[in-house]
Every structure is written in C-alpha cells, then in structure tokens.
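The values are calculated or read from the model by the stated rules, or taken from the named source; none is laboratory data. Since we're looking at a predicted model, the values are computed, not measured. A quick note on method: Cβ atoms are made from the backbone with ideal geometry, for glycine too, and the neighbour counts reach across all protein chains shown. The area values use the complete protein model at the heavy-atom level, side chains included, leaving out ligands, DNA and RNA. Shrake-Rupley method; radii C 1.70, N 1.55, O 1.52, S 1.80 Å.
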Amino acid sequence: MRYALLVAYDGTNYGGWQIQKNTLTVQEVLTDALEKTLGCRVAVTASGRTDSGVHAAGQVCHFDAQTSIPAEKFADALNFRLPRDISVLKSAAAPDVFDCSRGAKKKTYCYRVYLSSHISPLKDRYAERVNYPVDLNKLKSAAKMFEGEHDFKAYCASGSQVKTTVREIYSIEVKTGETIGSTDVGIYVTGNGFLYNMVRTLAGTMLYFAAGRLSEADILRSLERGDRSSVGKTMPAKGLTLESVDYGFELF
C-alpha cells in the first residue's frame, strides 16, 4: 500500500534532503524513523530535493509498506522517533499510482529577507539580512518580468545536468511587513518546476534590480540570451523554504 506524508523541517543542521555520504540528511533521518516504526527498511521519495540548509513547510513524500498501522496514525508514530527539527504534519493513504515527484503540478517556494542595518537573532536563522536600500515598488515590478515561460539557463547553477532549462513561473508575489527595526520581505514563487539554485538566484536578481544594481535590460538579456553576468547573486540557502506542493487534488 502507498502512503503519503506532509513533512516540515528546519534544514539548518542537514545536508539537504537526499541521502549522501559524510553528512546527515532529512531523508536519512526520516527513513531511519520509518524503519524503527515498521521493523523493515523502506524507500522514501520526496516531491523534490531541497539543498543543504533549505527548509520545508510542506514537503510531500511517499513510501510503500504492508502494515496494520492506520494511515492517519503514521504522523504520530513517526514524530515520536523524529528530532524536533523534523515533523510529519499529516499522513494519509495515497492512490497506488501516486508519485509525489512526477505527479507534482505546482510548487511554491518562498525566499525571505529582512531589510535592516542590524542582525536580528530571531529572524536570521530563516531569512537573509539585506543592509542596502531596496525599493519595494521596484521589487514588486521585477516579479512580473519573470512570470510566464522562459529559459532560465542564467539562473541555474553551473554543472547542473537537465534536459531543458525552460520552466514556467505561474506567479511571483512579494509580501512585506514591518517589525521593530526591520522590514520583512517574502518572495513567493510558484512554478511547474525549478532548476538548481533557481529561486535563490531569482531572489538575488530581484533584490539587485530593486537596489539599482541591475536594469530591466539586464534582466531581459538574462532571459533571452542566458547571460549569467546579467543576474544578481545566488542568495544563501537559509532564506529559502519549500512552502507547498500542488497535485491538482486533495491528498491530505
């Protein structure tokens, strides 16, 4: 039988999602917890790999098992064995043909920054501090340039091996709020798929544009010609969170 999990995690102390040598990963910890729960080793697949230091509010995973444990009870059973920085929010029975990776229709990531001249200890774990002037209106206008289908070759880390660098961005929404000593910014990007480091580079490019370091012509050149010199910096992993995955139906 196939089961689905909705998982949240703080990626700070992990080398990303996928199991690898010489570093602890979220997949490894979750697989170990499942083995202790089921009494056997099973393979756990995620909707997509998150990189080292990246967080998740709504990662979706699936696994196959023969067990008498009710599907909705897996969340409690696994959380008993998981550390505090990984939590299964929901568990459910999934259709036998469900594939959390291939079946994903949309994914939404959020890149968070806070505009401040000083480090905020309560924000700095999950957002990147920006200490240069940013025009929020220009930041919001930059979002429109990336919406639609484009070749995001310039926004993909070098060495990535993919069949195509064309992706469709359904929407980019910039949300802002004021707190003591800073302006908080969330850049929410929804698309049909993302390249390695794509969202982090998109966020860096939008911020550079809003700071006057890049022009509209630079951004258009990056999309039309794949010109890497026309994009902003790739922002640190700690500001990125996988917010949700949409399959076109209610899974949980």
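General observations
- Scanning segment 195-229 for residues that are of a type in the set (Phe, Trp, Tyr) and modelled with pLDDT under 95 turns up just one, TYR196.
- Selection count, segment 110-148, where residues are assigned to a loop (DSSP other than H, G, I, E, B) and closer than 23 Å to ALA56 by Cβ: 8
- Boolean, GLY58 is part of a loop (DSSP other than H, G, I, E, B), under 21 Å from VAL199 (Cβ atoms) and open to solvent by less than 20 Å² (accessible area, probe 1.4 Å): no
- For segment 230-246, the criterion of being open to solvent by 60 Å² or more (accessible area, probe 1.4 Å), among the charged types (D, E, K, R) and either more than 19 Å from MET145 (Cα to Cα) or touching a Pro at 6+ places or on another chain (Cβ under 6 Å) (or both) is met by at least one residue.
- Contact map, segment 116-130: residues that are farther than 16 Å from LEU207 by Cβ paired with residues that are of a type in the set (Val, Ile, Thr) and not in a loop (DSSP other than H, G, I, E, B), Cβ distance under 7 Å, separation 6+ or inter-chain. Pairs shown: ARG125/THR12.
- For segment 2-47, filtered to residues that are at positive phi and open to solvent by 10 Å² or more (accessible area, probe 1.4 Å), the residue that is modelled with the highest pLDDT is GLY39.
For every residue, the table says whether it meets (1) among the aliphatic types (A, V, I, L, M); (2) assigned to a loop (DSSP other than H, G, I, E, B).
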site	(1), (2)
THR37	no, no
ARG41	no, yes
SER52	no, yes
GLN66	no, yes
ILE69	yes, yes
ALA75	yes, no
